[in-house]
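Novice: Before we start, here is the structure in question, set down as structure tokens.
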Amino acid sequence: MHTLWHMACSGLAMKKALVLALAAVAVSFGGESPSQASDHIDGLKTAIDNAADLTDLYTFTSPENADKLVLVMNVHPIASRNSRFSNAVDYVFRIRPIDDAKTLKPSADTKREQTIVCSFSGGIPFVDANQHATCAFNLGGAPENLRFETRKGGFGAGGTGAQNGIRVFAGVRSDSWFLDLAKVIKFNNGMTVPKGPGANGLHGQNVLSIVVEIDKSRLAAPLLAVAAQTIRK
Amino acid sequence: MKTSLLGALVLLSVVAGFGCQASSDDSAPPEASEDKLGLVTGRVDHAAIVELTTMMLVRTPTIAPPLDSALDPFNESDPFHINAGSFKDTFATNLGKFDAYDEKTDWTEAQTATWTSRIAAGNYLVVDTSKPCDFANPHTYLEIERAQLTGKDHETCGGRMPNEDALDVTLNFLMRGPAASVGDDDMITDGVNQATTRSAAKFPFLAEMNGL
């Protein structure tokens, strides 16, 4: 393990580890890598930094309450029950108002940006996936922090917190992305793709998810630009 | 398959879980809970538009995206301030390739310029919280952008919902143009129309993990 750590700390070994890992993943998926999927494993850095590899972003009016907006960030492809958020990464929802519906350009004024920054601590790799989550809401006015545990609240592999009309979940969820990987590779290469049913190349896979539900009244405008970002500290 | 997957997970987890310190002290591995890789700090990734890197930006689709050297710089950018000049030509070239897939030219020059300018400079979803979002029957992904490109007013919340087939929306948008819709007689599809388990209309919406 010590020798492996030294290997892992060299750039060359990182590439070797990546090639081995990708090869293993490719074999696992019968030759198609999930790196052709949505945002999964879409670069060398994200292939190595799995816990900071974003896979999908969703945003929609809550089906439970039309006055609330939901933001979902999925990260860490091929997650398992014991997968953890990185303790060294900030997981950020960034929101900017769009003033002109004709141009759809987000405001260039950085002071008008609102952020929700979730960070994690604790947990032990492979042994204890329970982490202390802190989500900092910078929506204008005084910043607000929501803290919770990621293995609490009756979920098999997740936890929630709630305060002041905000709900947050963080934990392992079924990967919500779906596609026939072999067909997408053919589409990408301009090849003819047979019609008919396909097979979901991510069937049975999991991701780590952060789900935030927040009052729409706390957001800067009705028309918004929303992005998810991971930043290693 | 499970053994290979486990092997990949172990390899990636060991690399990610045991960080590298700047010091050359050989006495012991660093604190495992630090999760520091040592090689990478700062921005790592951003996500919003589906398949933005893996389909629309990748330059060599026969090679796995992690090996395309354009993707890391794009992913490391500020999603609200990407250096468009570095990527716009590639987005335009790839869009032309996708548009030619059905042997018809569906994208106008003006639409191409607007869309490639947008995605080369930023990666974000557009959501209108004042418009309807039908979670049970979602057809909102890219609706706002398509309305803009075709000179119409948008009618839905846009954004993105987990049960919508965003891959089919993307295929038809790129290959049949912004005026095309999923559900048309000549729609293009990969034939997969839902995830392992559909998301529910109850918080936290995404389905419970598989293999719990």
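The values are calculated or read from the model by the stated rules, or taken from the named source; none is laboratory data. As the structure is a prediction and not an experimental result, all values here were calculated from the model. Please note: Cβ atoms are built from the backbone with ideal geometry, for glycine as well, and neighbour counts cover all protein chains shown.
Novice: I'm trying to understand the selection: among the residues of region A:200-222, which are in contact with a helix residue (DSSP H, G or I) (Cβ under 8 Å, 6 or more places away or on another chain) and either over 23 Å from residue B:128 (Cβ atoms) or facing chain B (nearest Cβ under 7 Å) (or both)?
Specialist: Matches in region A:200-222: A:201, A:202, A:205, A:208, A:222.
Novice: A further question on this structure: Given B:100, B:110, B:120, which one is in a helix (DSSP H, G or I) and within 12 Å of another protein chain (Cβ to nearest Cβ)?
Specialist: B:100
Yes or no, residue by residue, for (1) over 18 Å from the mean Cα position of the chain (by Cα); (2) within 16 Å of residue A:71 (Cα to Cα):
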site	(1), (2)
A:174	no, no
A:177	no, yes
A:184	yes, no
A:189	yes, no
A:193	yes, no
A:197	yes, no
A:208	no, yes
A:211	no, yes
A:218	yes, yes
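Novice: Within region A:115-137, restricting attention to residues that are modelled with pLDDT under 95 and part of a strand (DSSP E or B), which residue is surrounded by the fewest Cβ atoms within 10 Å (Cβ to Cβ)?
Specialist: A:128
Novice: Additional query: Return yes when residue A:160 is in a strand (DSSP E or B), of a type in the set (Ser, Thr, Tyr) and farther than 25 Å from residue A:46 by Cα and no when it is not.
Specialist: Details: in a strand (DSSP E or B): yes; of a type in the set (Ser, Thr, Tyr): yes; farther than 25 Å from residue A:46 by Cα: yes.
It is true that residue A:160 is in a strand (DSSP E or B), of a type in the set (Ser, Thr, Tyr) and farther than 25 Å from residue A:46 by Cα.
Novice: Check region B:177-191 and report whether any residue there is outside any loop (DSSP other than H, G, I, E, B), crowded, with 22+ Cβ neighbours inside 10 Å and touching a helix residue (DSSP H, G or I) at 6+ places or on another chain (Cβ under 8 Å). Walk me through it before giving the result.
Specialist: Taking region B:177-191 first, the residues outside any loop (DSSP other than H, G, I, E, B) are none.
Scanning region B:177-191, I find no residue that is outside any loop (DSSP other than H, G, I, E, B), crowded, with 22+ Cβ neighbours inside 10 Å and touching a helix residue (DSSP H, G or I) at 6+ places or on another chain (Cβ under 8 Å), so the answer is no.
Novice: Where residues in region B:145-168 are out of contact with any helix residue (DSSP H, G or I) (no Cβ under 9 Å at 6 or more places or on another chain) and over 15 Å from residue B:102 (Cβ atoms), which of them is surrounded by the fewest Cβ atoms within 10 Å (Cβ to Cβ)?
Specialist: So, considering only residues that are out of contact with any helix residue (DSSP H, G or I) (no Cβ under 9 Å at 6 or more places or on another chain) and over 15 Å from residue B:102 (Cβ atoms), the one surrounded by the fewest Cβ atoms within 10 Å (Cβ to Cβ) is B:151.
Novice: For residue B:160, which of the numbered conditions (1) over 16 Å from residue A:223 (Cβ atoms); (2) basic (Lys, Arg); (3) facing another protein chain (nearest Cβ under 8 Å) fails to hold?
Specialist: Condition not satisfied by residue B:160: (1).
Novice: While we're looking at this one, here's another question. Name the residues in region A:93-126 that are more than 10 Å from chain B (Cβ to nearest Cβ) and not acidic (Asp, Glu), would you? Talk me through it step by step, then tell me what you get.
Specialist: The initial filter retains those residues of region A:93-126 that are more than 10 Å from chain B (Cβ to nearest Cβ), namely A:93, A:97, A:99-100, A:109, A:111-112, A:114-119.
Within region A:93-126, A:93, A:97, A:111, A:112, A:114, A:115, A:116, A:117, A:118, A:119 meet the criteria.
Novice: In region A:160-184, which residues are farther than 29 Å from residue B:204 by Cα and more than 7 Å from every other protein chain (Cβ to nearest Cβ)?
Specialist: A:182
Novice: Further, regarding this structure: Output the residues belonging to region B:163-185 that are free of Cβ contacts under 8 Å to residues at least 24 places away in the same chain, of a type outside the set (Gly, Ala, Ser) and more than 7 Å from chain A (Cβ to nearest Cβ).
Specialist: B:172, B:184, B:185
Novice: Return yes or no: is residue B:136 more than 12 Å from residue A:101 (Cα to Cα), surrounded by fewer than 21 Cβ atoms within 10 Å (Cβ to Cβ) and in contact (Cβ under 8 Å) with a residue 60 or more places away in the chain?
Specialist: yes
Novice: Quick check on this structure: which one of A:195, A:186 is among the basic types (Lys, Arg), assigned by TED's automatic domain parsing to the domain that holds residue A:132 and either touching a helix residue (DSSP H, G or I) at 6+ places or on another chain (Cβ under 9 Å) or part of a loop (DSSP other than H, G, I, E, B) (or both)? Outline the logic, then answer.
Specialist: Values: A:186 fails: either touching a helix residue (DSSP H, G or I) at 6+ places or on another chain (Cβ under 9 Å) or part of a loop (DSSP other than H, G, I, E, B) (or both).
Every option except A:195 fails the conditions.
Novice: Here's something else I'd like to know. Would you mind stating whether residue B:195 is surrounded by 17 or more Cβ atoms within 10 Å (Cβ to Cβ), at the interface with chain A (Cβ under 9 Å from one of its Cβ atoms) and of a type outside the set (Phe, Trp, Tyr)?
Specialist: Yes: the conditions hold for residue B:195.
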